Amino acid sequence: MSNIALVGCIDTHAHLDGEEYAEDRREMIERARAAGVSKVFLPAIDLPSVDRVVAMSREFPNYCYPMIGLHPEEVRSDYKEVLAQIYEKLSSSFSLNSQPSSLNPQPSARLRQETLSKQSEERTLIAPCSPFIAIGEVGLDFYWSREFAEEQLEAFEEQVRWSVETRLPLMIHCRKAQNEMVSILKKYAKELPGGVFHCFTGNNYEAEELLRFDGFVLGIGGVLTFKKSHLPEVLHEVPLSRIVLETDSPYMAPVPMRGKRNESAYVVHVLKKLAESLGVSEEEVARQTNENVHRVFGIS
């Protein structure tokens, strides 16, 4: 048995609820287990996917963990209505009746009080009531279009407020929008519970800027393994304590699986490349990234 299988590693970002896995979802999960993947975190991207990731967490308890949020590429002119429906699922999972601050100017006193408490203490109080481990996948994406840029900015900030209120960490997607994202996060910097900058592919300056936010880590996936990737050099300057592993399945399959449907089992290829890039053992990468997951998400 490999050291990775003995220690276990965690895929912090995989869209395993998608139709790409309709024919072999259970077998795919078993392949991940066999590869040494001990847990998989499932981001939601829209209203229907919230129910799907929750269903998966029930089908695979203590293995698949759901998030809740509206992906920036799913933001349209009706985003306020969609956010209200998603927030209803979030708040009801905590047995709370409050609404997001932009939709209701008076969030519950309980939420206000909990926001003042320490993160770990709050999770002890409220997290057991909810299946959700994070607010995600949320963020900004101006890569293809800025048609709904204002809506994206407003939707992202609203969901950042959810994170502050519930103390659930953020799973952040950002493409061609780091300045705008950082500007929003700075407003709440002292209140944020932490989170992951998902699918980080930036340069040294961008990494340094993001890691100024306490409690945040970089999500590293298949791009690290690509032949022309600059990430090995960038990550050499990033503490291993600020990195978590991910696949972003079914997308971004790592070498040697590039071009195929990605799945959680392939996170081990990312782990191995990271160990090689940093000059440390695979076991050390597995142990430290697992520790980082525990610190950010409160899950061991």
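None of the figures in this text is laboratory data; all of them are computed from the coordinates on show. Being a predicted model, the structure only gives us computed values, none of them experimental. Note: ideal-geometry Cβ built from the backbone for every residue, glycine included; neighbour counts use all protein chains shown.
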Unit charges on C-beta of K, R, D, E only; dipole of the chain, Debye: 560
Candidate lysines for bridging to residue 186, where Cα separation is under 21 Å - those fewer than 8 sequence places away on the same chain excluded: 118, 176
Sequence-distant residues sharing a close amide H with residue 217 (under 5 Å, placed H): 195, 196, 197
Kirkwood-Stokes translational diffusion coefficient of the range 202-300, alpha-carbon pairs, 20 °C, 1.002 mPa s, µm²/s: 157
Cα-only radius of gyration and Dmax that characterise the chain, units Å: 18.1, 55
Residue 178/residue 237 FRET efficiency (R0 22 Å; Cβ-Cβ; nearest 0.05): 0.80
Burial ordering of 63, 21, 205, fewest other beta-carbon atoms within 10 Å first: 205, 63, 21
Exposure proxy order (Cβ contacts within 10 Å, fewest to most) of 144, 162: 144, 162
Helix 267-278 axis, angle to the chain major axis (alpha carbon atoms, nearest 10°): 70
Helix-only [θ]222 nm of the chain, DSSP H runs n ≥ 4, -39500 (n - 2.57) each, per residue, nearest 500: -12500 deg cm²/dmol
Burial ordering of 89, 39, 176, fewest other beta-carbon atoms within 10 Å first: 176, 89, 39
Extended-chain gain in nm, criterion 0.36 nm per residue less alpha-carbon gap, residue 78 and residue 258: 61.2 nm
Listed pairs 39/227; 227/260; 228/273; 39/190 exceeding 21 Å between Cα atoms: 39/227; 39/190
The chain: angle of helix 47-59 to the longest principal axis, Cα-based, in degrees nearest 10: 60
Angle in degrees between helix 79-93 and the longest Cα principal axis of the chain, rounded to the nearest 10: 80
